[in-house]
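K.L.:
Provided herewith is a single structure, encoded as structure tokens, for subsequent inquiry.
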Amino acid sequence: MFDYLTSDHDKAAVHLSNDPHEVNGMQAGFQLPRGIWHGMFAFYAIFFMGIAAATGRDAATVFMLVVSLLYMLMFFGMAGILNAQKGTEHASPLDRSDGVLQTWTGPMDRHTVAAQILTVPAGFAFLGVTFFVIRATAGF
């Protein structure tokens, strides 16, 4: 709207900066690529499907699985609600081929961030599949 008030250098800085003290309405945000969020959700979905298929034989177990599933949906739902409420944000630096995420322990590339964030959900997915395979091969 007021493009004539800022130079081209200022415009580039607005879109690339991740300064949390900006006052122009842009937010730093989660700074995680959408694929990492989708991967995390998929791993937890695999976990719950495997556990449900392996153990969901009585009402008490199904009740516990539903409560746990609701907690998972609350986690992802709240992240989505907060993301929608805060307004526009910078693109993730990890979306660029050479982008790194600045963390308090130092810069991290896309693969390192994905490995660090998805290790626990991948372990849960493996656990769910393992329980399902054990249940299926045990014959009961």
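K.L.:
May I ask you to list the residues in the range 123-135 that are closer than 12 Å to THR55 by Cβ and open to solvent by 70 Å² or more (accessible area, probe 1.4 Å)?
P.N.:
Once the filter is applied, which keeps residues that are closer than 12 Å to THR55 by Cβ and open to solvent by 70 Å² or more (accessible area, probe 1.4 Å), the range 123-135 yields PHE131, PHE132, ILE134.
K.L.:
Quick check: is even one residue across the range 54-71 within 13 Å of the chain's Cα centre (by Cα) and surrounded by 14 or more Cβ atoms within 10 Å (Cβ to Cβ)? Explain how you work it out, then say what you get.
P.N.:
Filtering the range 54-71 down to residues within 13 Å of the chain's Cα centre (by Cα) leaves none.
There is no residue in the range 54-71 that is within 13 Å of the chain's Cα centre (by Cα) and surrounded by 14 or more Cβ atoms within 10 Å (Cβ to Cβ).
K.L.:
Something else: Please find, among GLY106, GLY99, GLY56, the residue that is at pLDDT below 90 and either among the hydroxyl-bearing types (Ser, Thr, Tyr) or under 18 Å from TRP37 (Cβ atoms) (or both).
P.N.:
GLY99
K.L.:
Look at LEU69 and say whether it is of a type in the set (A, V, I, L, M) and either farther than 30 Å from PHE131 by Cα or at pLDDT below 90 (or both). Break it down into steps so the answer makes sense when it comes.
P.N.:
Numbers: of a type in the set (A, V, I, L, M): yes; either farther than 30 Å from PHE131 by Cα or at pLDDT below 90 (or both): no.
Against the criterion (of a type in the set (A, V, I, L, M) and either farther than 30 Å from PHE131 by Cα or at pLDDT below 90 (or both)), LEU69 does not qualify.
The values are calculated or read from the model by the stated rules, or taken from the named source; none is laboratory data. This structure is a prediction, so every number in the text was calculated from the model and none was measured. Cβ sites come from the backbone with ideal geometry, for glycine too, and all protein chains shown count toward neighbours. Note: areas computed on protein heavy atoms with side chains; ligands, DNA, RNA excluded. Shrake-Rupley method; radii C 1.70, N 1.55, O 1.52, S 1.80 Å.
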